[in-house]
Number of protein chains: 2
Amino acid sequence: MRNQGIGSWPARRARMTPERVALSYRGRDRTYRELLERVYRLACALGGTLGVRRGDRVAFLGVNQPAMVETFFAAGLLGAVFVPLNTRLAEPELRYILEDAEAAVLVLGEERDGGGLPGRHVGAAEYEELIASGSPEPVDEPVSQDDICLIMYTSGTTGRPKGAMLTHGNLTWNAVNLLVDVPLAHDEVVLISAPMFHIAALAQTLIPCVLKGGRAVLEPSFDVDRTYDLIERERVTVMFGVPSMFGFIAQSPRWPTADLSSLRHLLCGGAPVPEPLIRTYQERGLTFLQGYGMTETSPGALFLGAERSVDKAGTAGVPCFFSDVRLVAPDGSPAAPGRPGELYVQGPNVMAGYWRRPEDTAKVLSDDGWFRSGDIGVADEDGYVRISDRINDLIISGGENIYPAEVESALYEHPAVAECAVIGVPDERWGEVGKALVVLRPDHRAGADDLLKHLDGRLARYKIPKYVEFVGELPKNAAGKLLKAPLRKLYGGG
Amino acid sequence: MRNQGIGSWPARRARMTPERVALSYRGRDRTYRELLERVYRLACALGGTLGVRRGDRVAFLGVNQPAMVETFFAAGLLGAVFVPLNTRLAEPELRYILEDAEAAVLVLGEERDGGGLPGRHVGAAEYEELIASGSPEPVDEPVSQDDICLIMYTSGTTGRPKGAMLTHGNLTWNAVNLLVDVPLAHDEVVLISAPMFHIAALAQTLIPCVLKGGRAVLEPSFDVDRTYDLIERERVTVMFGVPSMFGFIAQSPRWPTADLSSLRHLLCGGAPVPEPLIRTYQERGLTFLQGYGMTETSPGALFLGAERSVDKAGTAGVPCFFSDVRLVAPDGSPAAPGRPGELYVQGPNVMAGYWRRPEDTAKVLSDDGWFRSGDIGVADEDGYVRISDRINDLIISGGENIYPAEVESALYEHPAVAECAVIGVPDERWGEVGKALVVLRPDHRAGADDLLKHLDGRLARYKIPKYVEFVGELPKNAAGKLLKAPLRKLYGGG
């Protein structure tokens, strides 16, 4: 084939395993042969009726469903660029992305209408008409591993969303890194309920699943009961989720009695799995495979396999096989074990850059291919990296770096502290000083002085927060990760 | 790491799984951490004491042993080129290759002395001295996937051996193709008794084994009893061999009682596994994974997985995932299913070319990356390819192509024919005509007329051999494949 990209994968699969089921959705199965035929028809119609050319952007707005997978592969067949949109965005945000990407076509999931959004829309009814009208003959455009496969918009911590350009090679190598770490078999049944408009579900589950010829069970969203139903009925072998999803599953009344015997690999990302959750699953014979990454690294950068999931709990593991990670101290030297450093990633999975943003690209991507993650990590003696802070969360006080995670960790040692977060607030003398926001345990009492006294001796003087404020709760994302930006907004006045 | 080639793999493995055993040899184990230290020391000494530079050729002459693996990786660390030599070659042949490759260093296996061979030798004693003298500090030269990793000499069918240049990328993609087809786990124990100076053992067993962090059990040569001992003692999970090796194993008196329960994957190449052998192994719950390839394609081009090993027996399967195969009819058009065509291979596993032989390279490698194999294959309706003839074995008679395999297949339908081979012999009128060489079954009789009458109606007239000669036996290689070249020499006079 002239197509060396991921768009050719349904064809590569269909010549090996045409009769295996590729996709299951709402009780309906499609084999690789059927997937290929629909993808050929769609690519033909997109290229013909809708005039999509090589390099054009094809956007998709919808939850997980077969049309999303088909549009992804059809765009790849044409050498066009897939742009998945986050269904949770508001209309002005979606409009911004569609205009920034200059999308030639917007394919809509069956649950969406495109009201208010710019450009040429393809709704669910027209989508099936396009497939019916397209020819099932092979489409084979010359596409290389270096061509852009998709643009995925990432909001980063601040500012307008930027489109990370991921090549076919980026996503392929990420899948290869996963195959090195996880012994995926031919008969995997992969439950995909995390949204594929995020990189993890797309690149860590769908793409490796198709590479191996497994069966992807698509779910529009995560629901605990549906998850149990599907695990038992479809005999799911692989699941991906964030820690909170696995927490909800374990808290369900179905947990003690459900048949989980089909599960082989639980992939977890977004945040480290808390140790109690690791133990809860271990009692059922289930271990987590954890990782760390981001959209810009397709996403896998670090991986923590099943063997070390307990003794290295809380870390994100070691670099993926074909990738490299280094930790850079504030002075630019390599951070020694135990010392914090900004995490850089290099490898064939590192993005080509941000779409039409050469300046933003230059800020994070060096000429020799190292990507600055903006995250701060600490490696132990064995090279296992614990992600501690975002570099934007770093507090610089009188020329000294204060890593909030270190201060928070010391605060957690106080018996009255249920949750805490340390942020920087402006200070005339020191530039910035630390401020601790603390949620107390319901049955405990402690004043600011108690906590400051607790920290005295545990931390260098400059690291001890100048202010302590007691709050009712702290803002967190779906993965249970603390969100510092809103905290700074609320409490950053000093 | 700056090294993106296979030389960096021991380091990539050691950061993930330092304490796993990498190599077992004569009852001695070395972990990945130990392997890495020895490889660093050796690379340091090769680069320092012996002055090996990037691009220099480092030859190795010896049977399978740890020094061969270490030299392979150390050369890769330096960006030097590994040149494994076939231990069965005579001194003049070895000298020719060493001079053609301009080897900077010749590392000798512990069983060899380099008497009579040109260049700088490193014998077994000096080898250990070099390792002791080298620094264990990391060696990290900039090596890309496009750099040459090894030159492997292939005799082809005629002429002087040519050095196929395989890049780090070629060998990496071949291993990735294998991981897509075979669900290799982390705890594989891979028995390597086929010689690693051939591409199959090196690229289909050692390299994927290290990629996954498995344990390679090295054996200097194949021996049936040793194989049984090792399978039982080391709990071997993966074996590679040619069909005759698997035949010898099944014929052993130990077959009925041996504990083969550890075996997961039997990889077989060189020739299709005969159906009776497939059945014999199947009775023990063992299936073969078969393939077809050659040195120039690193080597995997076609793969026949366990699922289809019975119903597609005799074929070499379908193209490997990231590779493509096409069959080209004599007029240059694509050969239709059921029709013979020369097999071409394209993909990231196709060699960079023959060492210092641009004309030979141009004969087999087109500008768009298609490699002409010189083999003739026939695909069935499902795309499964049966390798039938070498193109040099093709008989051209009065302008018509005669495919010997087709004639032989018709001859085999006669009950008296035990074995047969059809070759072309010169003919004044037709240019060439067919000649059948036939071994009769011990308890059967048939004359030339009987056989020709048998063919009449079964084959077009022009395909029917003009001559039939009865012989006692036919020359075969270790894999049981008929050797046509010696037959033509002996019987080609017409």
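The values are calculated or read from the model by the stated rules, or taken from the named source; none is laboratory data. Quantities reported herein were computed from a predicted structural model and do not represent experimental measurements. As a convention, Cβ positions derive from the backbone with ideal geometry for all residues, glycine included, and neighbour counts pool all protein chains shown.
Scoring residue B:19 on the criteria (1) within 14 Å of another protein chain (Cβ to nearest Cβ); (2) in a helix (DSSP H, G or I) leaves a single failure, condition (2). Being within 14 Å of chain B (Cβ to nearest Cβ) and closer than 30 Å to residue B:381 by Cα is the requirement here; does residue A:7 meet it? Yes, satisfied.
Taken together, the residues in region A:282-332 that are within 14 Å of residue A:345 (Cα to Cα) and not small (Gly, Ala, Ser) amount to 18.
What are the residues in region B:292-347 that are of a type in the set (Phe, Trp, Tyr) and more than 16 Å from residue B:390 (Cα to Cα), if any? Selection gives B:303, B:321, B:322. Candidates in region B:372-404 are the residues that are of a type in the set (Val, Ile, Thr) and more than 14 Å from chain A (Cβ to nearest Cβ); of these, the one that is surrounded by the fewest Cβ atoms within 10 Å (Cβ to Cβ) is B:396.
Yes/no matrix, rows are residues, columns are (1) over 16 Å from residue A:373 (Cα atoms); (2) at pLDDT 95 or above:
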| site | (1), (2) |
| --- | --- |
| A:252 | yes, yes |
| A:259 | yes, yes |
| A:279 | yes, no |
| A:287 | yes, no |
| A:308 | yes, no |
| A:314 | yes, no |
| A:323 | no, yes |
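Among the residues making up region A:287-298, a single one is buried (at least 24 other Cβ atoms within 10 Å of the Cβ) and in a loop (DSSP other than H, G, I, E, B): A:298. For region A:246-262, a residue qualifies if it is buried (at least 21 other Cβ atoms within 10 Å of the Cβ) and either in a strand (DSSP E or B) or out of contact with any strand residue (DSSP E or B) (no Cβ under 7 Å at 6 or more places or on another chain) (or both), and exactly one does: A:249. Does residue B:392 meet the test of being closer than 27 Å to residue B:458 by Cβ, outside any strand (DSSP E or B) and modelled with pLDDT under 95? Yes, satisfied.
Look at residue A:288 and say whether it is closer than 30 Å to residue B:6 by Cα, away from chain B (no Cβ under 14 Å), of a type in the set (Phe, Trp, Tyr) and in contact with a strand residue (DSSP E or B) (Cβ under 9 Å, 6 or more places away or on another chain). Yes: the conditions hold for residue A:288. The one condition from (1) in contact with a Gly (Cβ under 8 Å, 6 or more places away or on another chain); (2) in contact (Cβ under 8 Å) with a residue 40 or more places away in the chain; (3) not in a strand (DSSP E or B) that residue A:240 does not meet is (3).
Considering A:101, A:43, A:59, the condition of being of a type outside the set (Lys, Arg) and within 23 Å of residue A:193 (Cα to Cα) is satisfied by A:59 alone. Scanning region A:443-459 for residues that are in contact (Cβ under 8 Å) with a residue 24 or more places away in the chain and out of contact with any strand residue (DSSP E or B) (no Cβ under 6 Å at 6 or more places or on another chain) yields A:444, A:445, A:446, A:450, A:454, A:455, A:458, A:459.
Of all residues in region B:307-336, exactly one satisfies the criterion of being within 12 Å of another protein chain (Cβ to nearest Cβ), without any contact (Cβ under 8 Å) to a residue 40 or more places away in the chain and surrounded by fewer than 20 Cβ atoms within 10 Å (Cβ to Cβ), namely B:307. For region A:22-46, residues that are within 14 Å of chain B (Cβ to nearest Cβ) and touching a residue at least 40 places away in the same chain (Cβ under 8 Å) total 1. Only one of the numbered conditions (1) in contact (Cβ under 8 Å) with a residue 60 or more places away in the chain; (2) within 28 Å of residue B:211 (Cβ to Cβ); (3) in contact with a helix residue (DSSP H, G or I) (Cβ under 8 Å, 6 or more places away or on another chain); (4) not polar (S, T, N, Q) is not met by residue B:53, and that is (1).
Answer yes if at least one residue in region B:137-156 is touching a Cys at 6+ places or on another chain (Cβ under 9 Å) and surrounded by fewer than 21 Cβ atoms within 10 Å (Cβ to Cβ), and no otherwise.
Quick first cut of region B:137-156, residues touching a Cys at 6+ places or on another chain (Cβ under 9 Å) only: B:137, B:139, B:143.
Remaining after also requiring surrounded by fewer than 21 Cβ atoms within 10 Å (Cβ to Cβ): B:137.
Scanning region B:137-156, I find at least one residue that is touching a Cys at 6+ places or on another chain (Cβ under 9 Å) and surrounded by fewer than 21 Cβ atoms within 10 Å (Cβ to Cβ), so the answer is yes.
May I ask you to list the residues in region A:272-286 that are surrounded by 16 or more Cβ atoms within 10 Å (Cβ to Cβ) and either on the phi > 0 side of the Ramachandran plot or among the hydroxyl-bearing types (Ser, Thr, Tyr) (or both)? Hits for region A:272-286 are A:280, A:281.
On the basis of being modelled with pLDDT of 95 or more, in contact with a Cys (Cβ under 6 Å, 6 or more places away or on another chain) and assigned to a helix (DSSP H, G or I), does residue A:230 make the cut? Outline the logic, then answer.
Working: modelled with pLDDT of 95 or more: yes; in contact with a Cys (Cβ under 6 Å, 6 or more places away or on another chain): no; assigned to a helix (DSSP H, G or I): yes.
No: the conditions fail for residue A:230.
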